[in-house]
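K.L.:
This is the structure I have questions about; it appears just below.
Every number here is computed from the coordinates shown, using simple stated rules; none is lab data. On a predicted model such as this, the values are computed, not experimentally measured, just so you know. Reconstructed Cβ throughout: ideal geometry from the backbone, glycine too, with neighbour counts over all protein chains shown.
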């Protein structure tokens, strides 16, 4: 029997989320962001499901992810795979040619790599509109070089820094900056600015393409404006052992928890090597048999301990770390992080299975 560390992927919930986002997007096309193995949800499960729903535009990180995704969804002419981080070297340029990938361009050298590889497909140009992360330093120069090459500019894009804060003034400032650049270069060129949270923060700026990521997987992107999303992942382990301890007994490494009274604890067969964050030590919760129980002691590489005093919990019981009953956003808030880090931090030894 395989170790019972399982991420259960609910494809019906994925479909539900995609349909909600389609409604939000209106006439705009959805570029479904499935980078980092579909945010840890497994591309082999997620991409075909979205394809069945009619999605024909996918966003990944780089050419390696792009070539892997092309092998999953096939060589259909109508399906675009966009490399959101562009390309890095000649090998990436060759992959763009071989697998009909669409790179996002931010630097002149990337166009030269594509030209050398005799790539003649579509490209996006990405402009910085205020986030100061990735975007063309000189949009005019990049646009001119792309125009003079044998490449087709399928669109302009930028990225929002504060979209998860719906009222943040930077959202509209970035949108205006992006529009100013686009209108100066080529007003009729398709545009893409909004991520998941942007669909809530700037609903009037959907343009031609929107790029939802985290919302596809059921994590609400703006805390106080729920969209009605459903969790696509439920991360589960199993109780390996129930044991009783006495006052003065310590639990786990460093003896960071000491019992003050007789109590029962459960040893769960999942730890930080599986993606259970170590900062959940002495502060997290899990869900077993219809009830939440607190994590006690330090989370170990392979194990997590919880207080199950006065319960009927037994070895073999299933344990939920996040999903249907404890949201990933709730877990993330306990340790001052975001749901993205939980999903993408799940270890390779955790099996992804259909729910």
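K.L.:
Can you confirm whether the stretch 151-171 contains a residue that is farther than 23 Å from residue 25 by Cα, over 22 Å from the mean Cα position of the chain (by Cα) and assigned to a loop (DSSP other than H, G, I, E, B)?
P.N.:
Yes: one or more hits.
K.L.:
Another question, if that's okay. Any residue at all in the stretch 29-36 that is more than 15 Å from the chain's Cα centre (by Cα) and farther than 28 Å from residue 321 by Cβ?
P.N.:
yes
Per-residue answers, yes or no, for (1) within 22 Å of residue 286 (Cβ to Cβ); (2) touching a helix residue (DSSP H, G or I) at 6+ places or on another chain (Cβ under 9 Å); (3) assigned to a strand (DSSP E or B):
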| position | (1), (2), (3) |
| --- | --- |
| 183 | no, no, no |
| 220 | yes, yes, no |
| 230 | yes, yes, no |
| 235 | yes, yes, yes |
| 238 | yes, no, yes |
| 265 | yes, no, yes |
| 273 | yes, no, no |
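K.L.:
Related question: Check 144, 173, 166 and return the single one that is surrounded by fewer than 22 Cβ atoms within 10 Å (Cβ to Cβ), farther than 23 Å from residue 58 by Cβ and in contact with a helix residue (DSSP H, G or I) (Cβ under 8 Å, 6 or more places away or on another chain).
P.N.:
Exactly one residue qualifies, and that residue is 166.
K.L.:
Which of (1) touching a residue at least 60 places away in the same chain (Cβ under 8 Å); (2) closer than 22 Å to residue 195 by Cβ; (3) surrounded by fewer than 18 Cβ atoms within 10 Å (Cβ to Cβ) is the odd one out, the single condition residue 3 does not satisfy?
P.N.:
The failed condition is (2).
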